Amino acid sequence: NAGVTQTPKFRILKIGQSMTLQCAQDMNHNYMYWYRQDPGMGLKLIYYSVGAGITDKGEVPNGYNVSRSTTEDFPLRLELAAPSQTSVYFCASRPRDRDGETQYFGPGTRLLVL
Amino acid sequence: AQSVTQPDIHITVSEGASLELRCNYSYGATPYLFWYVQSPGQGLQLLLKYFSGDTLVQGIKGFEAEFKRSQSSFNLRKPSVHWSDAAEYFCAVAWTGGFKTIFGAGTRLFVKA
């Protein structure tokens with residue numbers, strides 16, 4: 001049982017490049033989330049999904065896109081990378097039924113945009 | 001709007017000393033409350049959570065937290081800190097039927113020998 005996995009662990013992008021951050025979970029969780037973490041700012045929700053084919057914006061969705069074609073995968077797409085997107089990105093998941101809304105986190109992807 | 005406040009950006013304690021990290025939330029009803037810990041370069045790990053019942057909750061690694069409804073607080077405590085407890089700690093709030101969890105800004109704990 002791998003839990004929540006994220007790839008890559010670290011990436012450097014040039015301004016204007018695009019990339020996809022991968023997230024997968026093997027716990028059959030319905031809900032999945034993408035957060036970004038900036039120093040002293042805690043976690044900000046970018047997008048979330050309540051099931052395959054259903055996604056919605058969080059607090060800071062601009063510059064990002066997501067898709068959820070399967071229960072397991074929830075990739076985050078960055079189009080036209082900007083320095084403001086330098087951050088650590090975390091994917092998380094939780095079951096729909098009552099597990100007390102506990103979220104399970106991946107190890108994170110550190111992104112540097114230069 | 002719902003919010004979570006962790007008033008201390010960082011705290012330094014001596015190894016063996018007691019610890020209390022503060023957390024206050026803003027929400028009308030009783031929420032679900034969480035404390036997560038993040039070691040350097042790692043993701044977040046759940047320490048403990050409160051849903052209902054006994055307001056004193058025990059967690060992993062010797063941590064406990066107490067829910068005080070009158071103060072809208074959920075402070076994290078540990079009687080004797082170990083050097084390995086140095087990390088960042090996040091308080092979080094969720095609610096029944098909601099999809100989202102609101103995280104505080106975090107408190108970084110430094111442990112000195």
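The values are calculated or read from the model by the stated rules, or taken from the named source; none is laboratory data. Remember, predicted model here, so these are calculated numbers, not experimental data. Note that we place each Cβ from the backbone using ideal geometry, even for glycine, and neighbour counts take in every protein chain shown. Remember, those area values only see protein heavy atoms, side chains included, never the ligands or the DNA or RNA. Shrake-Rupley method; radii C 1.70, N 1.55, O 1.52, S 1.80 Å.
Overview of values
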item	result
Solvent-accessible area per residue for the range B:28-113 (1.4 angstrom probe, square angstrom)	45 Å²
Solvent exposure, largest accessible area first (probe 1.4 Å, DNA, RNA and ligands not counted), of A:Thr102, A:Thr5	A:Thr5, A:Thr102
Within chain A, longest stretch clear of exposed trypsin sites (Lys or Arg not before Pro) (DSSP loop, no more than 11 other Cβ within 10 Å)	A:15-97
Minimum 20 Å² accessible area buried by the other protein chains, the range B:65-113 residues, probe 1.4 Å, relative to alone	B:Phe90, B:Gly98, B:Phe99, B:Lys100, B:Thr101, B:Phe103, B:Ala105
Test item: A:36-45 mean partner chain Cβ contacts at 10 Å	5
Between B and A, accessible area buried - total, square angstrom, nearest 100, 1.4 angstrom probe	1700 Å²
At 0.890 mPa s and 25 °C, Stokes D of chain A from Kirkwood alpha-carbon radius, µm² per second	175 µm²/s
Orientation-averaged projected area, Cα convex hull of chain B (nm²)	7.0 nm²
Distance between modelled label sites at A:Asn62 and A:Gln22, nm, 7 Å Cα→Cβ extension	3.1 nm
Chain A, accessible surface, carbon-and-sulfur percent (1.4 angstrom probe)	50 percent
Estimated vicinal HN-Hα couplings, Hz - the range B:103-108 in sequence order (Karplus 6.51, -1.76, 1.60; Gly, Pro = x)	9, x, 6, x, 10, 8
Relative counts (whole %) of C-alpha pair distances in the range B:1-47, using bins that are 10 Å wide	18, 45, 30, 6
Volume per residue of the C-alpha convex hull in the protein assembly as shown, rounded to whole Å³	124 Å³
Accessible area of chain B belonging to carbon and sulfur atoms, whole % at 1.4 Å probe	50 percent
Descending Cα extents along the principal axes, the range A:1-55, whole Å	35, 23, 22
Alpha-carbon centroid distance for the pair the range A:37-114 / the range B:24-80, whole angstrom	23 Å
